[in-house]
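The values are calculated or read from the model by the stated rules, or taken from the named source; none is laboratory data. Note that this is a predicted model, so its numbers are computed, not measured. Glycine also receives a Cβ, built like all others from the backbone with ideal geometry; neighbour counts cover every protein chain displayed. Areas reflect the complete protein model, heavy atoms only, side chains present, ligands, DNA and RNA absent. Shrake-Rupley method; radii C 1.70, N 1.55, O 1.52, S 1.80 Å.
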Amino acid sequence: MTAGLTFNGINKSFGGAHVLRQVSLDVASGEFLSLLGPSGCGKSTLLRIIAGLERQDAGTVAIGGRRVDDLRPKQRDIAMVFQSYALYPHMSVADNIALPLRMRRLSGMQRLPLVGGLLPGSRTTQAGIAKEVTRTARALGIESLLARKPGQLSGGQRQRVAVGRAMVRNPAIFLMDEPLSNLDAKLRVQMRAEIKELHRRLGVTFIYVTHDQTEAMTMSDRVAVMAEGEILQVDAPQVIYADPANRKVAEFVGSPKINMLPARFGADLTHAAGTTFDVRARELAGTAGTLGIRPEALHLAEAPGTGIFTGRVRLLEHMGSDLFVHLDLPHDGEGGTLIARLLAERAPQIAFGQTLHLGVRTGRILVFAADGRRVQPDPAPAAVLRSYA
Amino acid sequence: MSLRRLGPVAALARHAVLLASGALMLIPFVWMVSLSLKPPGEIFRAGFSLLPEQWYAVENYSRALTASPLPRYMLNGVLVCGAILSLQIAICAPAAYALAKLRFFGREGLFTLVLIGLLIPHEVLALPLFILAYKLGLLDTYAALIMPFAVSPFGIFLFRQFFKSIPDDIVHAARLDGLSELAIVWRVMLPMAMPAVIAFSIFSIVSHWNDLFWPLIAVRSEQLMPPPLGIMAFKNEEAGSDYGPLMACATLVVAPLVVAFLAAQRWFVEGLGGGVK
Amino acid sequence: MRAVVDIPEATRPVRQRPDTEPIAACLLAAPAFALILLLFILPTLAVFVIATTDWQFGARSLSFVGLRNFAELLADSTFRISFANTCLYVLVVVPATTAIGLAVALLIESGQSLRAFYRAVHFLPFMATLAAMAVAWEALLHPTIGLANQTLTALGLPTANWLRDERTVLPVLGLIGIWQNLGFAMVLFLAGLKSIPSELYDASEIDGADGTFDRLRIVTLPMLGPVTMFVVIVVALRAFQTFDTVKILTQGGPAKASEMLLYTLYVESFEFLRTGYGAAVTVVFLAIVVGLTLLQARVMDKRVHYQ
Ligand SMILES: Nc1ncnc2c1ncn2[C@@H]1O[C@H](COP(=O)(O)OP(=O)(O)O)[C@@H](O)[C@H]1O
Ligand SMILES: [Mg+2]
C-alpha cells in the first residue's frame with residue numbers, strides 16, 4: 001500500500017548548528033522524489049526525521065495523511081536503505097532479509113532461540129516468512145546467495161540484499177540514503193536503472209537522497225534541491241535544469257557548471273563581459289546582477305559584435321561527441337572564463353591560444369538579481385512590435 | 001550514542017549498579033588508605049569507621065619512609081623504569097623503521113623473530129637469563145634488572161605498525177633534505193609517532209614498576225630492590241604486626257601510577273587496553 | 001624491447017650513488033636483532049635443552065636425561081596439584097571476568113553521564129601495583145581485624161580465615177584475580193562497543209528490533225563476538241600468569257591448596273635450584289601460553305574477515 005508524505009515546517013539543530021530550517025514538502029503517493037544537495041546540507045537528517053530515527057525540533061511529518069511524529073520507526077510503514085547497507089554481518093543473507101518479518105510476525109517468545117521454534121504457530125509463520133524471503137530474493141536475482149554472509153558478497157550484491165530487506169515487507173514508502181555511493185562507476189549506472197525499474201514495479205513512494213546530480217536527474221519524477229538546510233526548489237528534473245528558481249540551483253545542477261557573468265542591467269540593454277546583450281529586465285534596471293549561460297547555449301560566431309563574446313582559447317577538452325572550450329575573457333570586461341560545449345566536429349576549426357567568438361541565443365540567457373533570485377526578462381521590443389503588427 | 005537513551009528509571013538503575021560495583025572495586029584502596037591513617041590501637045580494636053579517631057598519618061607515613069628504605073625502593077623503581085624505557089625506544093624505533101620503510105636482506109627473518117619474541121612470556125626466559133646473569137656476574141646489580149628488557153618485541157611491533165602508516169613521501173623528502181637514516185628516525189618518524197610512543201611508554205612503565213617476578217630472582221640486596229619487591233620485604237620483616245606503616249608503604253607505592261592515571265586517563269586506557277591488541 | 005637491449009654500454013644511465021639503503025637498514029636493525037636473539041630466542045632454546053638434563057644450579061656436572069624430568073613432573077603430586085589449581089582458577093576467573101566486564105561496559109555505554117568516572121573506577125585495580133594491593137587485600141581478609149570478617153560478623157554470617165583455609169584460599173585468590181582484570185575486559189569491550197556502526201542500530205530500529213533486549217540480541221552481542229573471544233583468551237593468558245598474589249599472600253599454602261603453575265616454576269627453579277626440573281615446568285608453561293596465543297591469532301584473523 002503506497003502512501004504520500006507531507007512534512008511541514010521541519011526544524012532541526014544539533015547543539016548550536018541549525019541543520020534544517022523550515023523545510024516543507026508534499027510528496028505524492030507513488031512518486032520518485034530525490035533530495036539533491038551538497039554533502040552536509042541536511043539531507044540525511046531530513047530522511048532520518050521521516051524515518052523516525054531522529055526527532056525534529058519543530059514541524060510535523062505525515063505519512064498517508066496520518067501524523068507520525070509520535071510513532072516509532074517500525075510503526076511508520078517505511079523501509080530504509082542505508083549508505084553503508086547496514087547488513088548484520090553475523091547473519092546470512094536469508095536471515096537479514098527475514099528479520100523485519102520475524103520482528104513483526106513472531107511474538108517475543110517465538111523469537112527466542114531454540115524454544116521459540118516449539119511454540120504453537122511459529123512453524124507456519126516461519127515457513128511463510130521463508131517463502132517471502134525466497135520470492136524477494138528471486139525478484140532481485142540473489143536467490144543463490146541466500147546462505148552466504150554479507151562479508152562474502154560484492155558491493156553490488158550487498159546493495160541488493162539491503163534493498164531486499166527493505167522490500168520484503170511491502171512498505172508504503174522507501175527511504176534511500178545515497179545507496180549507490182559505495183559502488184564503482186559502472187555498477188552505479190547499472191544499479192541506477194535497477195532501482196528505477198524497482199520503483200516502476202512496486203509503484204510505491206521513493207524518497208532518494210543523493211549528492212550526485214546525475215542520479216537525481218535520471219531517476220526522479222521530481223527533484224528537491226537542498227542547500228544549507230533549506231529546500232531551494234522542487235520540480236521535475238528538466239524544469240530544475242532549464243528553469244532554475246535561483247542562482248544556487250542553477251549553479252548546483254548542470255555539468256560543466258553554468259557560466260555566471262557579473263552584469264549591469266540598463267534600461268533596455270544588459271552589459272556583461274565587455275559586451276552588451278539584448279536582455280532587459282525592467283525591475284532590475286540600474287542594478288547589478290548576474291547572467292547565467294549554460295555551456296551548450298553558446299555557439300561559434302564569425303565576428304565580434306553585440307552579444308558576442310570574444311576571448312582567447314585557454315583549454316580544449318575533447319569528450320568524444322562534445323568539445324569543451326574554455327575561453328579567457330579580456331580583462332577590460334571584468335575578465336573571467338567562459339566554458340562552451342560545442343559539437344566535436346568543430347574541433348578542427350579551433351586551436352589553443354586563438355581568439356574565438358562565441359554567440360548566445362538571447363532566449364537562453366538566465367537573469368539573476370543581485371540577491372540570487374531568478375528574474376524573467378521582459379520580452380524584446382521587436383517581439384512587442386511584432387505582436388502589435 | 002550506540003545504545004538508545006534510557007528512561008529515568010533505567011538511568012537511575014544504571015547509576016545505582018555502577019556506583020555499587022565501583023564501590024566494591026575501590027574497597028581495597030579505601031581500606032588500605034584508611035588503615036594507613038590509624039594508630040595501632042584503633043586498627044586492632046576493629047571497626048568500620050574509615051576515618052581514625054586519632055589521626056596517626058604522620059607517624060605511619062614517616063615510619064614507612066624511615067623504617068624501611070622505601071625512598072630507595074622508589075628511586076630504584078624510577079631508575080629502572082627510566083633506563084628500560086630509554087633503551088627500549090632507542091633500540092626498537094630504528095629497528096621498527098628499518099622493518100617498516102627499508103628494504104634489506106633478512107627483513108622477513110627479523111620480523112619473524114619479533115613475532116616469536118611477542119609470543120614468549122617473560123617468565124619463560126627467567127631461568128636461562130638468571131643463569132646468564134650469573135655467568136656474567138651481573139646478579140644483584142641494576143644491570144640484571146634492566147638488561148633483560150632492553151629490547152621489546154611489542155615495542156618494535158607497535159612502532160612498525162605506526163611507521164607503516166606514515167607516507168613514504170615524507171621519508172623521501174627527509175632524505176632530499178639531507179637527513180641520515182638515523183636522523184629520520186629521531187627527527188621525523190618518532191615525533192610523528194608520538195601517540196604510539198606515549199602509549200608504549202605507559203605500557204612499559206606500568207609493567208616494570210609493577211613487576212615482582214624478575215626482581216625477585218635478579219636481586220637480593222635491599223638497596224637495589226624496586227618497590228614491589230621492597231614492599232614484600234617490608235611485610236616479611238614486620239611480620240604483619242605493624243599494619244599502619246605497612247599500609248602507608250603500600251599507599252605510597254601505588255600512588256604514583258594512580259595519580260598519573262587519574263591525570264591522563266585516556267592515555268592509560270589506550271596504552272594498557274588498546275596496546276595489547 | 002630490442003632497442004632497449006641494444007643500447008650501447010656507454011649511454012646506459014649509470015647509478016649515481018651506491019645503494020646504501022640495505023647497509024643503513026642493517027645497522028639500524030642490528031642492535032634489536034642481536035638482543036632479541038640473545039634475550040629471547042637463545043634463552044627459549046636453552047630452556048628446552050636444560051629441560052632434558054638433571055642439572056642442579058651450582059652443581060659441577062650434569063647429564064642428559066631425556067624426557068625424565070617430564071615423566072617426573074607427571075608423577076609429582078605438587079605439580080599435579082599446581083596444574084589442577086591453575087586450571088580451576090582460570091576456569092573461574094576467565095568467565096567471571098569476561099561476563100562482569102561485559103556487563104559493566106554495557107551499563108557504562110548505555111548512558112551518557114559519568115562515563116569517564118565509572119571507567120576510571122573500574123579500571124583502577126588493573127594498573128595498581130598488585131604486590132602492594134595484595135598487602136591491602138591481606139589486611140582486608142585478616143581473620144580478626146579485616147573488613148570482610150567484621151562485615152560477616154555484623155550480618156550474623158559465618159566467618160573464615162580466608163587465606164589460611166584450604167577451602168577458601170583458591171576462591172579468594174580468584175576473587176582478587178577477577179577484581180584485578182575486570183577493568184581490562186571492560187576497556188576492551190568498551191572499544192568493541194564503540195566500533196559497532198551506528199547505522200546497524202538504525203537498521204535494527206527500522207526492522208522493528210527496538211527494544212533493549214532485541215537490540216542486544218540482534219546487534220550488540222553478535223557484533224561483540226570477536227572481541228569476546230579476544231577478551232577470553234587475553235584474560236586466560238593473564239590468569240595463567242598469576243604469581244604476585246600467591247607469592248605474597250599464601251606461598252602456595254595451606255597444604256598446597258593455592259599452589260599455582262608460575263609459583264611452582266619459581267620455587268623449583270629459584271628456591272630449590274632444581275634447574276633441569278624447573279626448565280621442564282617452564283616448557284609446560286610455555287606450551288600453554290603459546291597455544292593460547294596462537295588461538296588468539298586465529299581469532300584476530302577471523303575478526304578481520306568478519307566485515
Ligand atoms: N547526530 C549529529 N550530531 C551533530 N551534528 C550532526 C548530527 N548529524 C548530522 N549532523 C550535522 O548536520 C549537518 C547535516 O548532516 P547530514 O544530514 O548528514 O548531511 P548530508 O546527508 O546532506 O550530507 C552536518 O553538518 C552534520 O555535521
Ligand atoms: Mg548524508
Please get the size of the charge dipole for chain A, origin at its Cα centre, with Cβ charges of +1 on Lys and Arg and -1 on Asp and Glu, quoted in debye to the nearest 20. 1900 debye
First select every other residue whose beta carbon is under 9 angstrom from the beta carbon of A:Pro100; then total the charges, Lys and Arg +1, Asp and Glu -1. +4
Leaving ligands and nucleic acids out of the surface, order B:Cys92, C:Cys87 by accessible area at 1.4 Å, largest first. C:Cys87, B:Cys92
I'd like the carbon and sulfur percentage of the solvent accessible area for chain B, probe radius 1.4 Å, heavy atoms only, ligands and nucleic acids excluded. 69 percent
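Rank A:His299, A:His326, A:His331 by accessible area, highest first, at a 1.4 Å probe radius?
If we order A:His299, A:His326, A:His331 from most to least accessible, we get A:His331, A:His299, A:His326.
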Among bridges DSSP assigns within chain A, what percent are antiparallel (round to 5)? 75 percent
HN-Hα J in Hz across segment A:100-109 - Karplus 6.51, -1.76, 1.60, θ = phi - 60°, x for Gly and Pro: x, 6, 4, 4, 8, 9, 9, 6, x, 5
Hey, what do the phi angles of segment B:169-179 turn into as Karplus ³J(HN,Hα) couplings, whole Hz, using 6.51/-1.76/1.60 and θ = phi - 60°, x for Gly and Pro? 4, 5, 5, 4, 4, 5, 5, 4, 6, x, 7
List the residues of segment B:123-153 whose accessible area drops by at least 50 Å² when all protein chains are present, compared with their chain alone, using a 1.4 Å probe and counting only protein heavy atoms. B:Glu123, B:Val124, B:Leu125, B:Leu127, B:Pro128, B:Phe130, B:Ile131, B:Val151
Shielding by partners for B:210-216, please: the mean number of other protein chain Cβ atoms within 10 Å of each residue's Cβ. 5
In sequence order, what are the phi-derived ³J(HN,Hα) couplings for segment A:207-215 according to the Karplus relation 6.51 cos²θ - 1.76 cosθ + 1.60 with θ = phi - 60°, rounded to whole Hz, with x for glycine and proline? 10, 10, 8, 7, 9, 9, 5, 4, 4
Computed magnitude of the charge dipole of segment A:257-388 (debye, nearest 20; Cβ of K, R +1, Cβ of D, E -1): 240 debye
Taking accessible area as the heavy-atom solvent-accessible surface of the protein chains with a 1.4 Å probe, which residues of segment C:38-72 lose no less than 30 Å² upon going from the isolated chain to the full protein assembly? C:Leu39, C:Phe40, C:Ile41, C:Pro43, C:Thr44, C:Val47, C:Trp55, C:Phe57
With the other protein chains left in place, how much accessible area per residue, in square angstrom, belongs to the protein assembly as shown at a 1.4 angstrom probe? 44 Å²
Out of B:Val185, A:Ala28, B:Ala150, whose Cα points farthest toward the positive end of the dipole of the protein assembly as shown (charges: +1 Lys, Arg; -1 Asp, Glu; placed on Cβ)? A:Ala28
If one computes the Cα centroid of segment C:264-287 and of segment C:116-137, what distance in Å separates the two points? 30 Å
Near-label residues of segment B:94-111 by backbone N, under 20 Å of a point 7 Å along Cα→Cβ of B:His172: B:97-104
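Taking 0.36 nm per intervening residue step and subtracting the Cα-Cα distance, what contour gain separates A:Asn170 from A:Glu334 on full extension?
Using 0.36 nm per residue and subtracting the Cα-Cα distance, I get 53.3 nm.
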Taking a spot 7 Å from the Cα of B:Tyr142 along the direction of its beta carbon, which residues of segment B:202-239 have an amide N less than 14 Å from it? B:223-226
Can you say what percent of the DSSP beta bridges in segment A:298-376, counting only those with both residues inside, are antiparallel? Round to 5. 100 percent
Summarise the accessible area of segment A:257-388 (1.4 Å probe, protein heavy atoms) by the percent that is carbon and sulfur. 54 percent
Rounded to a whole %, the carbon-and-sulfur portion of the accessible area of segment C:79-302 at a 1.4 Å probe is 68 percent
Taking just the alpha carbons, could you work out the radius of gyration and Dmax for the protein assembly as shown, both in angstroms? 37.7, 131
With a Förster distance of 30 angstrom and the Cβ-Cβ distance between C:Leu88 and C:Thr159, calculated FRET efficiency to the nearest 0.05 equals 0.80
Please list, in order, the residues from segment A:353-373 whose amide nitrogen is less than 17 Å from a point placed 7 Å along the Cα→Cβ vector of A:Thr287. A:366-373
A chain fully extended from A:Gln83 to A:Thr124 at 0.36 nm per residue, minus the present Cα-Cα distance, gains in nm 11.3 nm
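Put C:Lys194, A:Lys149, A:Lys186 in order of accessible area, largest first, 1.4 Å probe: what do you get?
A:Lys186, C:Lys194, A:Lys149
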Average projection area in nm² (convex hull over Cα atoms of chain A, one quarter of hull surface): 25.6 nm²
Plugging the Cβ-Cβ distance of C:Phe57 and C:Ala297 into 1/(1 + (r/R0)^6) at R0 = 41 Å yields, to the nearest 0.05, a FRET efficiency of 0.75
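Peptide C:114-124: average number of partner chain Cβ atoms within 10 Å per residue?
So the per-residue partner count for this stretch is 6.
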Can you list residues whose amide H is under 5 Å from A:Val367's amide H, if they're 5+ apart or on another chain and H is modeled 1.01 Å from N? A:Gly292, A:Val375
For C:Tyr201, what accessible area in Å² do you get when you roll a 1.4 Å probe over the heavy atoms of the protein chains, rounding to the nearest 10? 10 Å²
Residue by residue through C:96-106, how many Cβ atoms from other chains fall within 10 Å of the Cβ on average? 1
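Would you mind giving the total buried accessible surface between chains B and C, with a 1.4 Å probe and ligands, DNA and RNA left out, rounded to the nearest 100 Å²?
8700 Å²
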Run the numbers on segment C:228-252: which residues show a drop of 20 Å² or more in accessible area, chain on its own versus all protein chains together, using a 1.4 Å probe over heavy atoms? C:Phe230, C:Gln241, C:Phe243, C:Asp244, C:Lys247, C:Ile248
Rank B:Leu139, B:Tyr243, B:Pro121 by how far each Cα sits towards the positive end of the charge dipole of segment B:66-275 (+1 on Lys, Arg Cβ; -1 on Asp, Glu Cβ) and give me just the farthest. B:Pro121
Explain nothing, just the number: dipole magnitude of segment C:192-249 about its Cα centre with +1 on each Lys and Arg Cβ and -1 on each Asp and Glu Cβ, in debye rounded to the nearest 20. 520 debye
Where does each of B:33-43, B:226-236, A:302-312 land if you order them by average Cβ count within 10 Å, highest first? B:226-236, B:33-43, A:302-312
With unit charges on the beta carbon (Lys/Arg positive, Asp/Glu negative), name the residue among A:Ile173, C:Val290, A:Ala288 whose Cα is farthest towards the positive pole of the charge dipole of the protein assembly as shown. A:Ile173
Sum up the charges of everything whose Cβ sits under 9 Å from the Cβ of A:Gly42, counting Lys and Arg as +1 and Asp and Glu as -1, but leave A:Gly42 out. +1
Restricting to the protein assembly as shown, what percent of DSSP beta bridges are antiparallel, rounded to 5? 75 percent
At 7 Å along the Cα-to-beta-carbon direction for both A:Ala185 and B:Ala183, put a label point, then send me their distance in nm to one decimal. 4.4 nm
